[in-house]
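Notes follow once the structure below has been shown.
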Amino acid sequence: MSDSCLGGSALGELDEMTMGGQGAILRTETFTGDTFLRSRSILYVEDNDDIRETIGMLLEGEAREVVLCASSEAALAALAQREFDILITDVSLPGLSGTELARRVLAKNPAKWVVLCSGYEFGDSLQTLGPNVRSLPKPFEPEELERLLAEIFAATPSG
């Protein structure tokens, strides 16, 4: 398995970029509506190839830029290159866990939006991570993911 990141968009435009020596592909999405909407950038981390690709497609949408990573280490490399509005990560990852990735990201930016995906309950432990940390129990329905993203987008400035 590669420690790279892959960007996704319905338009399928490909741009090569390098993140910390690790190859990555970023597909950017262009919004062409009548009104300008600030593009939201989402970094999604999942080690299972099939789940990563499927959720990546579900995350795509109008005025969204999605980058998919196979590991926390690749995600940290991507984050070293640029900012993302939202980090969505699986908790159980090989190497650095998704929870530890979230802790590192939140140590630098406590206001960052983070979604932790897990088949296990978090209980009150999410509150200790920060005010903008949410959980998404696995397995989840596409509607649950969209509802959570809508909540996050509504709580963040759009311009």
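Here are some notes:
- Test: PRO94 is over 15 Å from PHE84 (Cα atoms) and in contact with an Asp or Glu (Cβ under 7 Å, 6 or more places away or on another chain): yes
- Hey, SER97 more than 12 Å from the chain's Cα centre (by Cα), polar (S, T, N, Q) and under 23 Å from GLU60 (Cα atoms) or not: no
- Yes/no for GLU29 being assigned to a loop (DSSP other than H, G, I, E, B), surrounded by 19 or more Cβ atoms within 10 Å (Cβ to Cβ) and modelled with pLDDT under 95: yes
- Within the range 63-75, at least one residue is modelled with pLDDT under 95 and part of a loop (DSSP other than H, G, I, E, B).
- Members of the range 97-115 found to be surrounded by fewer than 16 Cβ atoms within 10 Å (Cβ to Cβ), of a type in the set (A, V, I, L, M) and either within 19 Å of GLU73 (Cβ to Cβ) or without any contact (Cβ under 8 Å) to a residue 12 or more places away in the chain (or both), listed by number: ALA107
- Close pairs (7 angstrom Cβ cut-off, 6 or more residues apart or separate chains): touching a residue at least 60 places away in the same chain (Cβ under 8 Å) in the range 133-156, among the aliphatic types (A, V, I, L, M) and not in a strand (DSSP E or B) anywhere: PRO142/LEU58; LEU145/LEU58
- Residues of the range 38-55 that are under 17 Å from TRP113 (Cα atoms) and among the β-branched types (Val, Ile, Thr): ILE42, VAL45.
- Hits in the range 126-145 (condition: assigned to a strand (DSSP E or B) and not polar (S, T, N, Q)): VAL133, ARG134, LEU136, PRO137
- Residues satisfying the stated conditions in the range 77-117, i.e. assigned to a loop (DSSP other than H, G, I, E, B), closer than 18 Å to PRO139 by Cα and not small (Gly, Ala, Ser): VAL91, LEU93
- Of the residues contained in the range 116-127, none is found to be crowded, with 19+ Cβ neighbours inside 10 Å, under 15 Å from the mean Cα position of the chain (by Cα) and farther than 18 Å from ASP49 by Cα.
The values are calculated or read from the model by the stated rules, or taken from the named source; none is laboratory data. Here the structure is a predicted model, which is why all the values come from computation and not from measurement. Counting neighbours? That spans all protein chains shown, and the Cβs are built from the backbone with ideal geometry, glycine included.
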